Structures are given as structure tokens and as C-alpha cells.
Amino acid sequence: MSSGGSSSGDIFDVKKLRRLIELMNEHDLGEVDLRDGDVRVRLRKKGEVAAVEARPAMAAPAPVAAAPAAPTAAAAAAPKEDNLIVIKSPMVGTFFAASSPENPPFAKVGDRIGPESTVCIIEAMKVFNEIPAECSGQIAAVLVKNGDPVEYGQPLFKVDPK
């Protein structure tokens, strides 16, 4: 988003930001991410309010490779991939497998979970969000490592619903 229309040279052109928020509402968008040179503006809805984040643009992080799960007895009898449910990240942030480094992970391969089970925490903008499974079954794979950055929609877990 260019600051050319702003007389102060500030990257925040309130009229442009308001128009972007209107367009987000009109088209039911949850997030808009714009870049112009070294300037990046990201608008993201939180509930009914759109939050604004602007900062110098950085190179996009390399895609996070899926970490293979440690071989266990549950992995030995791995279910077919077709039947697995994927739990995806509902937001951009940092993945944490446990509430603190001293605590065990919320969910690991072989664990049985229900829809209300917390499977991880994603920290976004200094807010720690507990992520529920929203499905039932057995964890078949954990696809990210503790402390990894995650993107919206990125697969986090694979769950065998049986």
C-alpha cells in the first residue's frame, strides 16, 4: 500500500484503510495482506473488529516442512491417509505443543481426543489461543514442531477418526 496519497509521508492513509475494511466486510474476508516495496499492511478481523498491523515487509518464510512423527506402536499400525482428518491452524502465529516447557504436550501421536480437547496453543500478537480439536479420534501425526511459526490453514495434526 503506497503512502503517495498521504501528505505526512506516513504509511497510514486512514481513508484507504477504511475502504479496505469496508471491502473486507462486503466480501466477507477475514484477512488482507498488502505489500508495496518495503511496506506491508495486514488487516485481520478479530470478532467484529478489524485489527491493523503495519510493518516493513520481510521476505516470506520458507514453507515449514512437515516433521515426521517419531515411530511408535501407534505409528506402526498407521491408518490409510484417505481416512484421516486434518486439524489446521485457524490463525497465523507460533505453535506451542504444551502450555509451558515443563508440561507434557496437549496431544501426541497415539492420544485419543474429543472435539473439546485442546491440541495446542497458537500465540499471536502476545495472545495465547488454545486450539480445540473440533473432531474425535486418535492423533496419527503431529506435523509441526514446538516453537514453529504457522500460517492460517496450515495442517497441524492428522487424526484417525476410528
Unique residue being in contact with a strand residue (DSSP E or B) (Cβ under 8 Å, 6 or more places away or on another chain) and buried (at least 20 other Cβ atoms within 10 Å of the Cβ) when the list is Ile85, Ile139: Ile139
Any residue at all in the range 66-78 that is closer than 20 Å to Tyr152 by Cβ, small (Gly, Ala, Ser), in a loop (DSSP other than H, G, I, E, B) and at pLDDT below 90? yes
What number of residues within the range 115-162 are within 17 Å of the chain's Cα centre (by Cα) and either outside any strand (DSSP E or B) or not polar (S, T, N, Q) (or both)? 32
Among the residues of the range 93-117, write down those that are closer than 15 Å to Ser136 by Cβ and among the polar types (S, T, N, Q). Ser117
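The values are calculated or read from the model by the stated rules, or taken from the named source; none is laboratory data. Fair warning: this is a prediction, and the values are worked out from it, not measured in the lab. Please note: Cβ atoms are built from the backbone with ideal geometry, for glycine as well, and neighbour counts cover all protein chains shown.
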